[in-house]
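Just so it is clear, none of the values below were taken in a lab; they were calculated from the coordinates. Quick caveat, the model's predicted, so the values are computed rather than measured. So basically every Cβ, Gly included, is an ideal-geometry build from the backbone, and we count neighbours across all protein chains shown.
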Amino acid sequence: RDKMEKSRWIPCSQKRPAHRQAVIGCDKTGYVTRYEYDAEEPPCWVDDHEEFFQEDEVVAWMPLPEPYRKD
């Protein structure tokens with residue numbers, strides 16, 4: 001169940017990630033990529049290309065999955 005909880009989208013209207021937390025985010029157009037949430041004023045999202053997006057452009061997010069580990 002814990003893994004299922006980590007793979008569910010969290011609407012930004014309900015909760016935001018912690019400051020500087022890297023997450024998977026989905027924007028208004030349905031585009032999904034890795035973002036970092038910057039909670040400082042004004043709050044925004046930063047993608048891996050260091051492009052900034054207004055806070056309301058990302059509509060949902062989820063924690064990053066655990067990295068691959070060879071068994």
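With the checklist (1) free of Cβ contacts under 8 Å to residues at least 24 places away in the same chain; (2) of a type in the set (S, T, Y); (3) touching a helix residue (DSSP H, G or I) at 6+ places or on another chain (Cβ under 9 Å) in hand, flag the one item Y31 doesn't pass.
Evaluating Y31 over (1) free of Cβ contacts under 8 Å to residues at least 24 places away in the same chain; (2) of a type in the set (S, T, Y); (3) touching a helix residue (DSSP H, G or I) at 6+ places or on another chain (Cβ under 9 Å) leaves (3) as the failure.
Spot the failing condition for V58; the list is (1) more than 15 Å from I10 (Cβ to Cβ); (2) in contact (Cβ under 8 Å) with a residue 40 or more places away in the chain, and only one is missed.
Only one criterion in (1) more than 15 Å from I10 (Cβ to Cβ); (2) in contact (Cβ under 8 Å) with a residue 40 or more places away in the chain is unmet by V58, namely (1).
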